[in-house]
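Working notes for the structure below.
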Amino acid sequence: MGLSSAAAGEGPQLCVFDLRRGQQEGQELDKILFFHPTDCPILLQLSVIGLCEGIITFARIFSPDDDCEVIESEKHSHVFYQAEADIWMVLVVEKNKDIESTWRCGALQGILKEVHSLFTMFHGPIRTLLDRQPSAELARGHLRTFFTDYLSDFNAGKKIQLPTFRDCLKERGTVQMLTISREVALEVQSLTTVLGSCLGNVMCQSLVLFEDLLVSTTLPPDDTLNLYTYAILRLTPRALLSNATSWSYLRKGTSVHAGPTSSSSNGTASVERPLQREKLYKGKDGFVAAGSTTSEVRGAVAWVPILWFQQAEDRMHLCVYQHKNITILLLIPASSLINGDDGIAHVKRHLLENASQNIVTLELKLSRGWGGENAYHVGGYRYLLVDPDRKVSRASPPGKVTTLSKDSLLSLNRLREEIDLEKSRAKRSDSCHDKDFEVCIRAKNNAWVIAKVTRGRELYMALEKAGETLLYASTAIEKFSNRYCEGAFSTD
Amino acid sequence: MDMDPPTNNPSPPGPPDSPPPEKRLASLSLRTSHLPPDFEIHDDYDDDDDEGYLTAVSRVGSISTSASAWKDDLEDADVAPPSPSSSGYAAERGTSLASSAAANDDPQPQPDDDDWPRDKKHLHEDDTSASWRKRKKHFFILSNSGKPIYSRYGDEHKLAGFSATLQAIISFVENSGDHIKFVRAAKHQIVFLVKGPIYLVCISCTEESYEGLRGQLELMYGQMLLILTKSVNRCFEKNPKFDMAPLLGGTDAVFLSLIHAFSWNPATFLHAYTCLPLAQSTRQAASAVLQDIADSGVLFALLMCEHKVISLVGAQKATLHPDDIFLLSNFILSSESFRTSESFSPICLPRYNSMAFLYAYVHFFDENTYLTLLTARSDAFYDLKDSRSRIQNVLLKANVLVEVQRSLRESALRIEDLPADPSSQSVSPPPQFSQDLHFQLLSSEMAIGGPAGLWHFIYKSIYLDQYVSSEFPLIISNPKQQKRLYKAYQKLYASMHDKATGPHKTQFRRDEDYVLFCWITQDFELYAAFNPLADKSQAIKVCNRVCQWIRDLENEIFVYGESTLSW
């Protein structure tokens, strides 16, 4: 196979393949479940997947219990993620001469993890879809529409723009939380209690968001993260506005022909393309509905997708309500709805009758205290705080991060690569004992780039005006830690 | 005639211990025939019709003889044929089987038993062996047709299938117009290096950086060139399936020594050399006599003690790269034949000129100290022998060799000897130790090391391409601990010298093992290790004191002004 990957044109490739399929000679195509770009020649697809499969098999000679993570060559990075047993996802990115295509392997793998988590939330595990229909048409159809819609978020003009070194102070796979006062916390707790009882004696789960930040959740961390991620992409006021703005643009693009999908047995409208942009909008009653501005005349279509929550081990209907900048995600156990649409209507009515006053009050209080998009800016610092156990992060506003020089961002990106390696080593060696480490680097442009991992929590920072000495930079970190992190990163 | 006749090993050596009967049986069953290895090797040659000369020689000689015979053949293409008396010495390298015995007071740490089994290559293992797969660090050299040339573990002939797989991976990526660099699978890294028709691969779970492992593969390649020159590529152009492994026959000890140096010799990542500390007058005496060997066509003259330079003299405008010094000393120190008699051998200095052979005259004055004279003339043996005699006389009269032995015993830099700073003496020990004076003293000695918890440092002079390192304190007294520290230094080095963003100016690193500092200026690089609880401000002060100390001692610990030879 002498095909050059340049034939595929520019842009990353993303493939999903199943090593349990297509093992007979002549049946290699059967292992391919998804390939982007979809118009990539078959021979090139087989070439990419053949190399990946060969490397996976080869690496297992020495690491039988570990996953292949990355192939680095001069012109490409192949980032691997074993999403389910023997179901692999690989992202192939091309390196350019220009420094702008500098990535962090962990950030790219985070994309693969995110899209797979979202997919399983809507469609269940890929393996389950394959077991249900061994011909794989069902799985391929869902993967094609879902992944293509997901990747459209990275469109920049005609190209796909993946996160680069300029995004090194962001952390995909984490929730960003709103800091609230005690008074507001009481109001939130009251609201949560009311939301929980929307279905009488059956407990409903809920997430409350303000702007793009999480206010409260009753779900376990993993499920919270999954739903939060989806909300930020498609449900919050900013996302819905983005939907409307991009609607006409996307309609001009190539349409994706979805494969056949089955309706849910209880008669509720199924969700064919949950990541399709123009699909959702806020209805007059405050609930998010499916359709488009043109279909509003004919009446909104209720949008109540069924989601699978892995950590909570339950299937739930999602009902979304918005009041100004508050978004309520209400989750109704699917097993508790006896009469389908009537049950949903009942829940909605209950929410409007019992919770709307709480919601209005809460929105007023949150808006009054809201500092705007620079609410978490700390003068002189560019930072990222991550708590991996709770899957929570906080960061400098993107607009502030852009003030950093390219050299500072490149150095910090490189430092994060090193820390990623150290973290994975620590995780493998002794899972119950956190290993603390700290790195401070004064780069050649005189910026300080800093990483501290303390009792599992992580702080990354770039200081461009911290002066000459390590002690000065250390003092700056100490002040930041004491004021904003309860001293979590202070030296003992 | 003073010359000792060369000893010629008539057949390739078997492993020191014969494997147990069941393994021997298993080993035999792996073969397609019951013929002995010797015959099989010869059989391979019968297929190479283009190598008539090799074939003829191999029918009557040993692998090592074939290697030198091939070298003779290659020399015809590049240089005048050597005189019969000198070419005989080339065969001596073929008899090198064991690394040099550790000398008394050898600063090199003794490898762990785990790392140094009597059967170092484990010839009974192959890629299907569980023990082979669990090795922490594999090195492979193969050709672009997939033929195995060298493997750290296992018999190369049994690894033909595995080598073919490595070659397939490399070629597959090349066919798409790309070049594979490394694969990472959790704790394992697989690093690839392509040098024309030669492929080098390292498979490691030792948590070293990619840059570090790639640098080691470069040194492996350089060591191979030192033995063969880059002209070996022509053999592959002529015959892509050329079997190069026999050319490296008898050099396992050289590569094994090189691989071990990766874990104890900072020269392997600093790309600098270190000097034996000597009084300035003593070193000047040595340098002066090296300069005097005019009219000999000597390109370089090195007086060395183990892996440390005593004096180094180069011809006009010619400089010796630190990597060449390292590879040359590794070659000499790991080849027993150089110790037993004076030698005159063809070698190549990859950084100086990777295509050309030079000739190395080597003579050991005592157990540790040896002279190396490098020339491009193949007929220079007698002249260099005379030069060596004159050098030896002068060194004896000036007591240089005695001073060298004394330095070997006494002159290590000890962190306890770091000159005191008045302000640091005021620092009191931590409060919880104040209750128990005995415990305090014991803790201070065992846990804290030098001032402010300093354990070790390396100082590299950028201008001189030389480095000096301190002696290890009690806290880092065993080889495993020292290996771990060198690994941490290597990662620190890679981080500071990152291609895209480096070199950085300063780095501070703290983990559960160490506090590490690195400081890079236009003049020097300092790497220092402290105990993991060290205080930042105190450690910074100590680093400054170390730099001042080194500047005060530089006349003794560095070689200044590589002198030009007088013509």
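At a glance:
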quantity	calculated
Two-site label geometry, B:Leu533 and B:Val394: point separation in nm, points 7 Å out along Cα→Cβ	5.6
Cross-link reach list, lysines versus A:Lys158, counting only Cα pairs under 26 Å and skipping chain neighbours closer than eight places	A:Lys75, A:Lys95, A:Lys97, A:Lys113, A:Lys170, A:Lys252, A:Lys279, A:Lys406
Charge sum, other residues only, whose C-beta stays under 9 Å from B:Ile462's C-beta, Lys/Arg counted +1 and Asp/Glu -1	-2
Computed [θ] at 222 nm, helices only, for chain A once each DSSP H run of length n ≥ 4 contributes -39500 (n - 2.57)	-12000 deg cm²/dmol
Shielding by partners - mean other protein chain Cβ count within 10 Å, residues of B:494-502	5
Long pairs among A:Lys435/B:Lys136; A:Lys452/B:Lys134; B:Lys147/B:Lys238; A:Lys465/B:Lys491; B:Lys308/B:Lys385, criterion Cα-Cα beyond 25 Å	A:Lys452/B:Lys134; A:Lys465/B:Lys491
Selection of trypsin sites (Lys or Arg not before Pro), segment B:488-567, meeting DSSP coil and at most 15 other Cβ within 10 Å	B:Lys499
Mean separation of Cα contacts under 8 Å (6+ apart) over length of chain A, as relative contact order %	12
Over segment A:13-160, equivalent-ellipsoid semi-axes from the Cα gyration tensor in Å	23, 19, 15
Long-range HN-HN contacts of B:Leu276 with modeled amide H, under 5 Å	B:Val309, B:Ile310
Coil-residue trypsin sites (Lys or Arg not before Pro) of segment A:43-144, DSSP, other Cβ within 10 Å capped at 10	A:Lys97
D (Stokes-Einstein, µm²/s), Kirkwood Cα radius, segment B:279-410, 1.306 mPa s at 10 °C	107
Loop GluC sites (Glu not before Pro), segment A:352-440 (other Cβ atoms within 10 Å of the site Cβ: 16 or fewer; DSSP)	A:Glu373
Stokes-Einstein diffusion coefficient of segment A:427-471, Kirkwood radius over Cα pairs, 37 °C, 0.692 mPa s, in µm²/s	276
Rg in Å to one decimal, and Dmax rounded to a whole Å, for chain A via C-alpha atoms	23.7, 70
Net dipole in debye of segment A:382-485 [+1 Lys, Arg Cβ; -1 Asp, Glu Cβ; about Cα centre; nearest 20]	280
Pairwise FRET efficiency - A:Lys113 versus A:Asn445, Cβ, R0 = 30 Å, nearest 0.05	0.35
B:Glu367-B:Gln548 FRET efficiency (beta carbon distance; Förster radius 30 Å; 0.05 resolution)	0.25
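Bear in mind that the values in this text are calculations on the coordinates, not laboratory data. As the structure is a prediction and not an experimental result, all values here were calculated from the model. Neighbour counts are summed over all protein chains in view; Cβ atoms, including those assigned to glycine, are modelled from backbone coordinates with ideal geometry.
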